Amino acid sequence: MVLQHSGSPLQLKDLPIPAPGPGQLLIKVAACAICRTDLHILDGELTEPKLPLVPGHQIVGRVVTSGSGVTQFKPGDRVGVPWLGSTCGHCPDCNDGRENLCDQARFTGYHLDGGYAEYAVADQRFCFALPEGFGDLQAAPLLCAGLIGYRSLRMTGEARRLGIYGFGAAAHIIIQVARWQGREVYAFTRAGDYEGQQFARQLGAVWVGASDQLPPETLDAAIIFAPAGELVPAALKAVRKGGTVVCAGIHMSDIPSFPYHLLWGERVLRSVANLTRRDGEEFLEIAPRVPVRTEVQLYPLEAANEALADLKGGRVKGAGVLVVDQNSI
Ligand SMILES: [Zn+2]
Ligand SMILES: [Zn+2]
């Protein structure tokens, strides 16, 4: 499924099977989860996509063959391909464990063709082995919703009372990790989204409500997964002095101005950008221990436009996944 121009729907096309370059794997894609970032790319809110582009950065598949110099994986191995596709490897950010901030980083399904396709190529150094016990479809959402959600959760430090704004793919995974870590989760959804609130309650939220409500207890931290800038002052209002508000999305609508006293008291407001390979290794080690159970809503590859429309309209429960290889069901 190919994006020709920002703002236009994806088109079903027959493309040649890509050839793996040095250090790259050729992967037969089993499944690829969809992400809100894909919507931001399609809608032109992220302005530098390779065009034409095959989107998709939560790829699960199996190695078919590889280019020269590949040592980490062999044909038949199951691999996961995340958003971080490559980095320069030698800038100060790369050297200091912040490869997520590398200026030369290239991202899967944005600068590089991704997984809305039957085949993809990826740099072996940025692919992950996936834990046993997760089917292909269930593993796919771990690769962004899980990984970047986990990085966001880590940024909340030791927060015990945790607010989550927006209860989609990332939230439904991260609430499971947060509870396993002994935290209390307060879930905020769009007003009137009773289905989302019910889902959060099933997954163990101690309180659920609308995002303009204040929780019964002051929160130690909050993560905003929904791309709505007005949630920033709402979340700041809900956290205690010294608490942290983490904006987890790659794009957000403008943040409205708000009185300084909402930030005063050493509240911290920060974003989370991309992921490091270390985030991936840590999260994929934790996920089977929790154990995380992903809820997936399946679509055939050629229904990618419909899947993304459902994501935009808030009609996906858990994570949307494109099934590329029917044998993976
Ligand atoms: Zn993503
Ligand atoms: Zn770098």
Identity of the residue in region 1-47, under 19 Å from the mean Cα position of the chain (by Cα) and under 30 Å from Ser68 (Cβ atoms), that ends up surrounded by the most Cβ atoms within 10 Å (Cβ to Cβ): Cys32
Evaluation of His90 against (1) of a type outside the set (D, E, K, R); (2) away from ligand 2 (no atom under 16 Å from the Cβ); (3) over 26 Å from Ile41 (Cβ atoms) (one fails), failing number: (2)
So Ser328, is it under 20 Å from Ala129 (Cα atoms) and in contact with a strand residue (DSSP E or B) (Cβ under 6 Å, 6 or more places away or on another chain): yes
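One residue is enough: does region 32-45 have a residue meeting the conditions assigned by TED's automatic domain parsing to the domain that holds Leu308, farther than 30 Å from Phe167 by Cβ and away from ligand 1 (no atom under 16 Å from the Cβ)?
Within region 32-45, the first condition is being assigned by TED's automatic domain parsing to the domain that holds Leu308, and the residues that meet it are 32-45.
Applying the additional criterion that residues be farther than 30 Å from Phe167 by Cβ yields none.
No, the conditions are met nowhere in region 32-45.
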Cross-chain or 6+ apart pairs with Cβ under 7 Å, region 244-262 first and under 20 Å from Asp220 (Cα atoms) and outside any loop (DSSP other than H, G, I, E, B), then among the small types (Gly, Ala, Ser) and within 16 Å of ligand 1 (Cβ to nearest atom): Val246/Ser152; Cys247/Ser271
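I'd like the full set of residues that are assigned to a strand (DSSP E or B) and closer than 15 Å to Val60 by Cα, limited to region 76-97.
Within region 76-97, the first condition is being assigned to a strand (DSSP E or B), and the residues that meet it are 78-81, 84-86.
Within region 76-97, Arg78, Val79, Gly80, Val81, Leu84, Gly85 qualify.
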Flag for Ala169 being in the same structural domain as Asp220 (by TED's automatic domain parsing), under 26 Å from Gln11 (Cα atoms) and more than 16 Å from ligand 2 (Cβ to nearest atom): yes
Extreme residue, farthest from the chain's Cα centre (by Cα), among residues of region 265-293 that are part of a loop (DSSP other than H, G, I, E, B) and β-branched (Val, Ile, Thr): Val290
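Considering region 93-131 alone, what residues qualify as being acidic (Asp, Glu), more than 9 Å from ligand 2 (Cβ to nearest atom) and crowded, with 22+ Cβ neighbours inside 10 Å? Step through it out loud before you land on a result.
Quick first cut of region 93-131, residues acidic (Asp, Glu) only: 93, 96, 99, 103, 113, 118, 123.
Within this subset, residues satisfying the condition of being more than 9 Å from ligand 2 (Cβ to nearest atom) are 96, 113, 118, 123.
Asp113, Asp123, listed by residue number.
Looking at Thr71, is it away from ligand 2 (no atom under 16 Å from the Cβ) and either farther than 23 Å from Ala309 by Cβ or touching a residue at least 24 places away in the same chain (Cβ under 8 Å) (or both)?
Working: away from ligand 2 (no atom under 16 Å from the Cβ): yes; either farther than 23 Å from Ala309 by Cβ or touching a residue at least 24 places away in the same chain (Cβ under 8 Å) (or both): yes.
Yes, satisfied.
Yes or no: region 255-266 includes at least one residue that is surrounded by 13 or more Cβ atoms within 10 Å (Cβ to Cβ), under 26 Å from Cys144 (Cα atoms) and not assigned by TED's automatic domain parsing to the domain that holds Thr47.
Step one: of region 255-266, the residues surrounded by 13 or more Cβ atoms within 10 Å (Cβ to Cβ) are 255, 258, 262-263.
Now restrict to residues that are under 26 Å from Cys144 (Cα atoms): 255.
Within this subset, residues satisfying the condition of being not assigned by TED's automatic domain parsing to the domain that holds Thr47 are 255.
Yes, region 255-266 contains at least one residue that is surrounded by 13 or more Cβ atoms within 10 Å (Cβ to Cβ), under 26 Å from Cys144 (Cα atoms) and not assigned by TED's automatic domain parsing to the domain that holds Thr47.
Matching residues to (1) more than 14 Å from Leu311 (Cβ to Cβ); (2) more than 16 Å from ligand 2 (Cβ to nearest atom); (3) in contact (Cβ under 8 Å) with a residue 60 or more places away in the chain:
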| residue | (1), (2), (3) |
| --- | --- |
| Gln4 | yes, yes, no |
| Leu10 | no, yes, yes |
| Lys13 | yes, yes, no |
| Ile17 | yes, yes, yes |
| Gly23 | yes, yes, yes |
| Ala31 | yes, yes, yes |
| Ile34 | no, yes, yes |
| Asp43 | no, yes, no |
| Pro49 | yes, yes, yes |
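The values are calculated or read from the model by the stated rules, or taken from the named source; none is laboratory data. Please read these numbers as outputs of a predicted model, since none were measured by experiment. Backbone-built Cβ (ideal geometry, glycine too); neighbour counts: all protein chains shown.
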